[in-house]
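Inspection log for the structure reproduced underneath, given as structure tokens.
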Amino acid sequence: MTRRLLLAVLAAASIGTARAEDFATFRVMSPPLALDLARAALEACRQRGFQIAVAVVDRFGVTQVVLRDTLAGAHTPDTAAAKARAAVSFRTSTEELSAATQAGQVNSAIRHIPGYVFLGGGVPVESAGSIVGGVGVSGAPGGAEDDACARAGISAVEDRLAF
């Protein structure tokens, strides 16, 4: 009986041995950093005369922050989050994805994935070569303007992204 118990304990211990290569180490933006990025993007669009919504997602596409300016359309918060999610998921700006997913292009079918928007305004946020989140802007007159505001938000916190 004692021998069987000892063998069971040893077997259980060998099964549960954790190894460093069994885990991934990664960084994500803190909520204060995500909020500051969103505020900076919102302000950049305000200075250009645009009422927008901005969303910041973590590296997995989960929303951390959403801000909507007073007169921004009702659709803009969801659209901003969907742009940010697309930028993180596909690891490129939605401005680039917009062109690459037009009708007739090899990747055009990804436009039909629910919860993702492939119009300019979504930008991955990188730190030390790794994506740590994404920002999406919706409501400016066109994807290029949304993209510019998103990038202005990233630039405003760039010093905090470097490590």
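Read-outs throughout are calculated quantities, based only on the coordinates presented, and are distinct from any laboratory measurement. Just so you know, these numbers come straight off a predicted model, no measurement behind them. Positions of Cβ are generated from backbone atoms using ideal geometry, with glycine treated the same way; all protein chains shown enter the neighbour counts.
List of remarks:
- Sum of -39500 (n - 2.57) over DSSP H runs of 4+, divided by residues of the chain (222 nm, nearest 500): -13500 deg cm²/dmol
- Here the peptides 115-126, 28-39, 95-106 are ranked by packing, the mean other Cβ count within 10 Å, and the order with the highest first is 115-126, 28-39, 95-106.
- With Cα atoms as the point set, the radius of gyration and Dmax of the range 84-134 evaluate to 10.9, 36 Å.
- Quarter the surface of the alpha carbon convex hull of the range 21-77 and you get the mean projected area, 4.6 square nanometres.
- The three principal axes of the Cα atoms in the chain give end-to-end lengths of 79, 40, 29 Å, sorted in falling order.
- Distance from the range 58-120 to the range 143-159 (C-alpha centre basis), Å: 15
- For the chain, built as a Gaussian network whose Cα springs stay under 10 Å, the top-fluctuating residue of I113, I131, I52: I113
- In this label model, T17 and V62 are separated by 3.2 nm, measuring between points 7 Å along each Cα→Cβ vector.
- Projected label points at S30 and S155, each 7 Å from Cα along the beta carbon direction, are separated by 2.5 nanometres.
- Taking the Cα centre of the chain as reference, the dipole from Cβ charges on Lys and Arg (+1) and Asp and Glu (-1) amounts to some 640 debye.
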